[in-house]
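> Attaching a single structure in structure tokens format; questions to follow.
The values are calculated or read from the model by the stated rules, or taken from the named source; none is laboratory data. In this text the structure is predicted, and so the values were computed from the model without any measurement. FYI the Cβ positions are ideal-geometry reconstructions off the backbone, even for glycines, and counts take in every protein chain you see.
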Amino acid sequence: MASYCMAYQLIPYERTAELLSDLLRYQPVSQGTLDNMLSQASAGLECFVEQVVKCLQQEEVAGFDETTVRAQSTGKHTPM
């Protein structure tokens with residue numbers, strides 16, 4: 001929960017510590033402890049990230065252009 005609050009919801013360390021203290025009815029958690037929690041959570045994702053990168057590197061690029069600008073043979077761009 002601490003990692004989710006800090007990494008995904010972008011809640012600052014101090015507010016995350018306060019939230020955990022309120023929810024768990026426990027003494028406040030230090031910012032160092034929260035930093036360790038976040039480091040451990042992110043370290044657990046290293047293998048997953050490596051697998052995703054390998055899969056993406058093996059895929060072909062479709063080359064779709066979703067912009068509204070077309071390139072002419074003269075090298076100038078004109079709006080559609």
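> Suppose we filter R15, R70 for residues that are modelled with pLDDT under 90 and either among the basic types (K, R) or in a loop (DSSP other than H, G, I, E, B) (or both); which single one remains?
R70
> Here is a further query. Name every residue in the stretch 37-51 that is among the hydrophobic types (A, V, I, L, M, F, W, C) and part of a helix (DSSP H, G or I), in order of residue number.
Matches in the stretch 37-51: M37, L38, A41, A43, C47, F48, V49.
> Would you mind telling me which numbered condition in (1) part of a helix (DSSP H, G or I); (2) more than 15 Å from A2 (Cα to Cα) V61 fails?
(1)
> Six or more apart or on different chains, Cβ atoms under 7 Å: show the pairs whose first residue is in the stretch 31-44 and surrounded by 11 or more Cβ atoms within 10 Å (Cβ to Cβ) and whose second is β-branched (V, I, T).
Close Cβ pairs satisfying both conditions: L34/T16.
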